[in-house]
Amino acid sequence: MGFFKKLFNKEESFVPTPTQDVPGLDPLVVQAIENLFPDTEIQKQALDFSLKFLDTKKGNTVSLLAMLKMGVLDIDNPLLDNGRFWMDAMHDIPDMKSAKKWVKSITKSQGQEE
């Protein structure tokens with residue numbers, strides 16, 4: 001059944017194409033940062049936050065993208081220790097499929113995809 005679903009699925013797969021290569025970060029995260037934060041200084045802050053988040057908060061790509069969507073760029077932000085905030089943040093991006101769909105949507109809206 002999965003074979004036919006893939007064969008006849010009309011939805012195009014999304015492959016992130018960020019302009020930067022950041023070791024330790026999924027290209028999907030870098031693509032999101034580049035689209036969310038056009039200012040290079042804020043991008044640098046977001047990239048630093050992302051690396052620290054994955055290292056110290058034991059986060060993953062999905063939870064990191066949820067935090068970036070909520071505008072969290074400070075590893076010491078007290079909201080990161082708030083369970084209710086996490087539930088709200090993860091509501092829109094609960095899994096990798098949703099994460100890719102969200103990054104694709106912000107990439108299209110920024111005019112950086114065909």
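Just so you know, all these numbers are worked out from the coordinates, no wet-lab data involved. Just so you know, these numbers come straight off a predicted model, no measurement behind them. Reconstructed Cβ throughout: ideal geometry from the backbone, glycine too, with neighbour counts over all protein chains shown.
With the cut-off at 18 Å, tell me which of the pairs LYS52/LYS104; LYS57/LYS101; LYS44/LYS69; LYS69/LYS104; LYS44/LYS101 have Cα atoms farther apart than that. Long pairs (Cα-Cα over 18 Å): LYS52/LYS104; LYS57/LYS101; LYS44/LYS101.
Under a model in which nothing but the beta-carbon of Lys, Arg (+1) and Asp, Glu (-1) is charged, the range 25-103 shows a dipole of about 320 debye around its Cα centre. Going from the residue with the fewest nearby Cβ atoms within 10 Å to the one with the most, SER50, SER98, SER63, SER105 rank SER105, SER98, SER63, SER50. Using 0.36 nm per residue and subtracting the Cα-Cα separation, the extra length available between LYS44 and LYS58 on full extension is 3.0 nm.
Spin-label model, LYS97 to ASP76: label points 7 Å out along the Cα-to-beta-carbon direction sit 4.1 nm apart. Placing unit charges on each Cβ (+1 for Lys and Arg, -1 for Asp and Glu) gives the range 18-114 a dipole about its Cα centre, and among GLY83, LEU73, PHE53 the Cα reaching farthest toward its positive end belongs to GLY83.
Please state the shape class of the range 25-103: rounded when a/c is under 1.5, otherwise prolate if a/b exceeds b/c and oblate if not, all from the C-alpha gyration tensor. Since a/c reaches 1.5 but b/c is at least a/b, the shape of the range 25-103 is classed as oblate.
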